[in-house]
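Have a look at the structure below, then the notes.
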Amino acid sequence: MATWPEPGRESSCFPVSVVLSAAPMPREVSGIFFAMSREHERWMRRALKLAERGRGRTSPNPMVGALLVKEGRIVGEGFHERAGEPHAEVNALSATGPEASGATLYVTLEPCAHHGRTPPCVEAVLDAGVARVVVGMRDVNPAVAGRGVGRLAEAGVQVEKGVLEEECRRLNEAYVTWMVERRPFVLLKAAASLDGKIATYRGESRWLSTEASRRRVHALRNEVDAVMVGAETVVRDDPELTVRLIEGDVRHPLRVVVDSALRTPPTSRVLTERPEAQTLVATTAKAPLERREAVEGLGSEVLVLPERNGRVDLAALMEKLAEREVVSLMLEGGGELNAAMLEAGLVDKVLVVVTPRLIGGREAPTVLDGLGAGSLEETWRLTDLHVEEVAGDLHIQASVERRR
């Protein structure tokens, strides 16, 4: 089981402490321990599925699932549905009622012990008479960070930690990045031909991918807090950057345009279409005042940031977005902005939709522009590769390994 730092001592990793006994564990004891571990994992997997139901709606809070088990059966379950509404533990306790007394609570994230948008969950757990709490991962929020499980243990509740911890952490990778690194979790998304081109040399890019692939992208937009493109993409493609190809509960993300000289035309759809979808244009002091006023006059926000190498300082932009509780961001820019974000170490995952086409040509833009890596040691290594075919397109997703 994982050993976590004491309350108030922060760490971005979860070290594992293993105690080895000189004497072998009796077979019957080992069997009981293994059976209990499997049982814990079984119920935690159910809690993870419950947590997924809140995807795209809990930000800036994490996704959390919880259930109560008594005598081998689920007596109540719940998940965190939206920020500002009851947390997963409270929903599960409400669904359980009096049977919560003496039950075991399984929860994907450490229960909170502080007053935030809602009262502390720990007190609700104690009031309900829960006998044992099994936690997936420690909360990296400094306001919690071990205090929740500490309060439970002090009150005499049996606490077990670190069950399916990696899966629980992966579920809330965006929240962890935002909380620990104080920037949004960034997914770089691109549609490209098999030879890595995102458009022809004449700039034609609609539509490289299939409609089924585009629906997938709109579903992702419905989950993230913001989408971001560069000025070149706005000028060339005039995208709307809203959620359109899916039905049901739709939430438009914040539209972010990186435009160092404020070249975005006032007729652009990101400025004129869907006023319910907010737009933020990040620029620098060299942007003419009359252009700033024109953009603001259309109801969009202009954010003036410092320069780095003559362009918007992307790290400063990510910091400002994090302050606005942008936890997750999908980068849908061109090769120049994609490369700049990677060079700045600001990309966490990539999703490349590879279409069965060959475009060719030296002048055709690629997923990453610029000089690129000078040696294989300088390349960005990708891990956790996942490949899926969607209506003839290949969706390739991977995590970006940090450069040393």
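The values are calculated or read from the model by the stated rules, or taken from the named source; none is laboratory data. None of the values given here were measured: they were computed from a predicted structure. Positions of Cβ are backbone-derived with ideal geometry, glycine not excepted, and every protein chain shown enters the neighbour counts. Accessible surface areas use protein heavy atoms only, side chains included; no ligands, DNA or RNA. Shrake-Rupley method; radii C 1.70, N 1.55, O 1.52, S 1.80 Å.
Residues in the range 179-197 that are of a type in the set (A, V, I, L, M, F, W, C) and over 8 Å from the mean Cα position of the chain (by Cα) were compared, and the one that is most open to solvent (accessible area, probe 1.4 Å) is L194. Could you please let me know if N141 is more than 19 Å from H40 (Cα to Cα) and modelled with pLDDT of 95 or more? No; evaluated as a whole, the condition is false for this residue. In this structure, A131 does satisfy being touching a residue at least 12 places away in the same chain (Cβ under 8 Å), surrounded by fewer than 24 Cβ atoms within 10 Å (Cβ to Cβ), more than 24 Å from Y175 (Cα to Cα) and out of contact with any helix residue (DSSP H, G or I) (no Cβ under 7 Å at 6 or more places or on another chain).
Going by the conditions given, is G361 farther than 15 Å from A226 by Cα and loosely packed, with under 14 Cβ neighbours inside 10 Å?
Numbers: farther than 15 Å from A226 by Cα: yes; loosely packed, with under 14 Cβ neighbours inside 10 Å: yes.
Here the answer is yes, as G361 does meet what is asked.
Each residue in the range 139-178 was checked for being open to solvent by 30 Å² or more (accessible area, probe 1.4 Å), aliphatic (A, V, I, L, M) and either over 20 Å from C121 (Cα atoms) or in a helix (DSSP H, G or I) (or both), and 1 of them qualify. Summed over the range 288-314, the residues that are open to solvent by 30 Å² or more (accessible area, probe 1.4 Å) and free of Cβ contacts under 8 Å to residues at least 24 places away in the same chain give a count of 10. All conditions but one from (1) in contact with a strand residue (DSSP E or B) (Cβ under 6 Å, 6 or more places away or on another chain); (2) buried (at least 23 other Cβ atoms within 10 Å of the Cβ); (3) in contact (Cβ under 8 Å) with a residue 40 or more places away in the chain apply to A103; the one that does not is (3).
Restricting A124, A174 to residues that are farther than 19 Å from W43 by Cβ, over 21 Å from the mean Cα position of the chain (by Cα) and among the small types (G, A, S) narrows the list to A124. Here G76, G84, G97 are screened, and the one residue that is part of a strand (DSSP E or B) and over 21 Å from A153 (Cα atoms) is G76.
Only a single criterion out of (1) modelled with pLDDT under 95; (2) aliphatic (A, V, I, L, M); (3) under 23 Å from the mean Cα position of the chain (by Cα); (4) more than 21 Å from A47 (Cα to Cα) is not satisfied by A226, namely (1). Go through the range 352-367 and give me each residue that's touching a strand residue (DSSP E or B) at 6+ places or on another chain (Cβ under 9 Å) and either free of Cβ contacts under 8 Å to residues at least 12 places away in the same chain or closer than 14 Å to G335 by Cα (or both). Across the range 352-367, the qualifying residues are V352, A364, P365, T366, V367.
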